[in-house]
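In what follows, a structure is listed as C-alpha cells, so that the remarks can point back to it.
What follows is calculated from the coordinates using simple rules that are stated; it is not laboratory data. Predicted model, so just to flag it, every value in this text is computed and none were measured. Cβ coordinates were reconstructed from backbone atoms using ideal geometry, including for glycine residues, and neighbour counts include every protein chain displayed.
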Amino acid sequence: MASASFDFAPLLAPSLPAPAAKWAGFPKYNFIGGNNDADQVPVDGLIAAATAVLKREGATLASYGLDSGPLGYRPLREFLADKLKRAAGITCTPDEILITSGSLQGLDLVNRLLLAPGDTVLIEQESYQGSLTRLDRLRVNAVGIPLDKEGIRVDALAAALDDLKRRGIRAKYIYTIPTVQNPTGTILSEARRRELLRLSEEHQVPIFEDDCYADLIWDGRRPHSLYAMSERGGVIHIGSFSKSIAPALRVGYIVATWDVLSRILALKTDAGSGALEQMVLAEFCARHFTEHVPKLTHALRTKLDALMDALDEHFGTAAEFDEPRGGIFLWVKLPDAVDTPKLAQAALAAGVAINPGPEWSTHKAHGKSRLRLCFASPSTQAIREGIAVLAEVCRREFGVPERIANVERRARA
Ligand SMILES: Cc1ncc(COP(=O)(O)O)c(C=O)c1O
C-alpha cells in the first residue's frame, strides 16, 4: 500500500491507550526489560523436543486445544503440577492449572476477574512496571507497601489494611512477588509468609502471588509458595516459563482452585494459547528442566558479579545496592542529586538503556534516584562497557560519581 489515507481517528473506541512507538532495535548496551541470556536458551534441546513431539502428536494441531481441552496441553500441566509440588510445595491437579500466553495474560485475567475502576489493591511499593501500569489503566487505587531486605514489610501491610478497614474499604487483593522480587531481588521469609497469610485471612483480602522468578535462586532453595502454605485457599498463583526457559515463547500459567479457575477460564476468549510452544516445552521440560535451571542460574550469577564489579569500579560508593538472591535484576540507588528518568534519556543517547526507578515504584519520589538494571541479556563485556558509559553520562549530567574508575572496592558478604 502506497500511503494510508483513510482516517480511523473519528472511529476509534474511547479510552484507548496512547499509540505504540515503532521499535527502533535494541540499544548497544541493553539493561532494560526482562530479557534472558541468549547463550542459555537450550536451542538444541528445544529442536529435539519439537521434532519428537511433532512427529508423535503433530496431527492433534488440527483441533483447537489439541486433545487437551481449553486449559492447555495436558502433559505441560502434568509437568507443572509435579514440578510445583517438588519445588514450591503446591498440591494441585493439572485441572487446577490454566496455561496462558505469558504470565502477563495471567495478570490481565486475574485483574478482569476482580477489578473495577475505583477499586483498591495493595502492592509492594517497588513492583513490576507491567503490573503498575495495568492498575493505572484500570483506574485502580494501588496502595504501595514498603519493602526491606526480607521483602514486603508485614507491619506496614497490617497498618495499611487497618487503615482501609477504618475507611470501610475492602481491598481486592494483595499483589506480591514474594520469591525474587522484581525489582529488589528479595525473598520473603517464611515467618513473613505466615504473617501475610494471616493478615489476608483476617481482612478477607486474597493474595495474588506472582512467582515468575522463583526458579532462579542462586542456592536453589526455593521457599514454599504462599499458595502452598495457604490453608483456606485465598491465593491465586501465577508463573511463567519466560525466565526459566525463554520469554519469546510466551507461556505462563495460573494456579487456582476450580471455583476460581472456572471463572477465569470463562474470561480467556482466545481459544487457547499457542499450542506448539506448549508441546515443545512439555517435551523439553519433562526431561531437561532440572538440569537446565542450575546452568542458567550459574550463568546469571556470573553476570551479576560482573555487573556489581563494574558498578564498584565505575561508580564506587555512589551506587548502593543489596545483592539480589536470584533473578535477573539489580536495583540500584544513586545519590539523591541523580534524577534517573533524566539519566535514562541521556544514557540512551549514548547507547545505554536503563529502567528509571519511578516506573517501578508507587512512590515516585523514592524511585527518583533509583534504577533497575537487567544483567541477563547483555554479555559480560557489554555489562562492563555499558556501566562505564553510564557512569560517564551520569557524571556529565549530575556530577556523580565524582571519580570514574574508583579503585576502592566494596567488601561483600
Ligand atoms: C513480576 C513479573 N510478572 C509477570 C511478568 C510477565 O512475564 P511473561 O508474560 O513473560 O510471563 C514479568 C516480566 O518481566 C514480571 O517481571
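Determine the dipole magnitude for segment 273-313: charges of +1 sit on the beta-carbon of Lys and Arg, -1 on that of Asp and Glu, nothing else is charged, the reference point is the Cα centre, and the result goes in debye to the nearest 20.
Result for segment 273-313 is approximately 240 debye, rounded to the nearest 20.
The ranking of TYR128, TYR175 from fewest to most other beta carbons within 10 Å of each one's beta carbon is TYR128, TYR175.
When only Cα pairs under 8 Å and 6 or more residues apart are kept, what is the percent relative contact order across the chain? Before the final figure, lay out each step's value.
Values: 738 pairs, mean separation 92.3, N = 413.
Result for the chain is 22 percent.
Dividing the radius of gyration of the alpha carbons in segment 243-316 by their Kirkwood radius gives 1.18 for Rg/Rh.
Summary value for segment 92-143: 38 percent relative contact order, contacts being C-alpha pairs under 8 angstrom separated by 6+ residues.
What percentage of all Cα-Cα pairs in segment 357-399 are separated by more than 14 Å?
On the way: 546 of 903 pairs.
Every Cα pair in segment 357-399 considered, those over 14 Å come to 60 percent.
Sorting check: for 135-148, 89-102, 176-189, which peptide has the highest mean count of neighbouring beta carbons within 10 Å, and how do the rest follow?
Working: 135-148: 17.1, 89-102: 19.9, 176-189: 25.5.
Highest to lowest by the protection proxy: 176-189, 89-102, 135-148.
By the Stokes-Einstein formula, at 0.890 mPa s and 25 °C, segment 266-350 with its Kirkwood radius over alpha-carbon pairs has D equal to 145 µm²/s. As a proxy for reagent exposure, MET229, MET279 were ordered by neighbouring Cβ count within 10 angstrom, fewest first; the result is MET229, MET279. Using the alpha-carbon centroid of each, what span in Å lies between segment 1-74 and segment 194-227? Using only Cα atoms to place each centre, the spacing works out to 29 Å.
In µm²/s, what is D for the chain at 10 °C and 1.306 mPa s, where D = kT/(6 pi eta Rh) by Stokes-Einstein and Rh is the Kirkwood radius from Cα pairs? Each step should come with its number before you reach the end.
Numbers: Rh = 22.6 Å.
Result for D is 70 µm²/s.
From the P(r) of segment 102-154, can you give the percent of Cα pairs sitting at distances over 18 Å?
Values: 450 of 1378 pairs.
Everything past 18 Å amounts to 33 percent.
Seen from a random direction on average, the alpha-carbon convex hull of segment 152-281 projects onto 9.5 square nanometres. Building the convex hull from the alpha-carbon atoms of segment 119-221 and averaging its projection over directions returns 6.2 nm².
Computed about the Cα centre, the dipole magnitude for the chain is approximately 300 debye when only Lys and Arg (+1) and Asp and Glu (-1) carry charge, each at its Cβ.
Farthest toward the dipole's positive end in the chain, which of GLY327, THR100, LEU307, given Cβ charges of +1 (Lys, Arg) and -1 (Asp, Glu) about the Cα centre? Value: THR100. Calculated translational diffusion coefficient of segment 250-395 (4 °C, 1.567 mPa s; Stokes-Einstein with Kirkwood radius over alpha-carbon pairs) equals 72 µm²/s.
Of all DSSP beta bridges confined to segment 67-174, the antiparallel ones make up roughly 25%.
Dividing the Cα radius of gyration by the Kirkwood radius, what Rg/Rh value follows for segment 317-408? If you can, show how the numbers build up before the last one.
Values: Rg = 12.5 Å, Rh = 13.4 Å.
Checking Rg against Rh, the ratio lands at 0.93.
Under 13 Å from the 7 Å Cα→Cβ point of LYS295, by amide nitrogen: which residues of segment 76-106? No residue passes the distance filter. Protection proxy ranking, highest mean first, for peptides 158-168, 217-227: 217-227, 158-168, where packing is the per-residue count of other beta-carbon atoms within 10 Å, averaged.
Ordering ILE254, ILE47 from the fewest to the most neighbouring beta carbons within 10 Å gives ILE47, ILE254. Rg ratio for segment 141-187: its Cα radius of gyration over 2.2 N^0.38 Å, N being its residue count, equals 1.22.
Suppose only helical runs count, i.e. DSSP H with n ≥ 4. What mean residue ellipticity at 222 nm does that imply for the chain under -39500 (n - 2.57) per run, divided by all residues and rounded to the nearest 500 deg cm²/dmol? Display every interim value, and only then the final one.
Details: 12 runs with 167 residues, N = 413.
Value at 222 nm, helices only, nearest 500: -13000 deg cm²/dmol.
For segment 201-256, the percent of C-alpha pairs falling in each 10 Å distance bin, counted from 0 to the bin holding the largest distance, reads 22, 45, 26, 6.
For the chain, hydrophobic long helices are taken as DSSP H runs at least 15 Å long by C-alpha position along their axis with mean Kyte-Doolittle hydropathy of -0.5 or more; these are 43-57, 102-114, 154-166, 275-315, 380-398.
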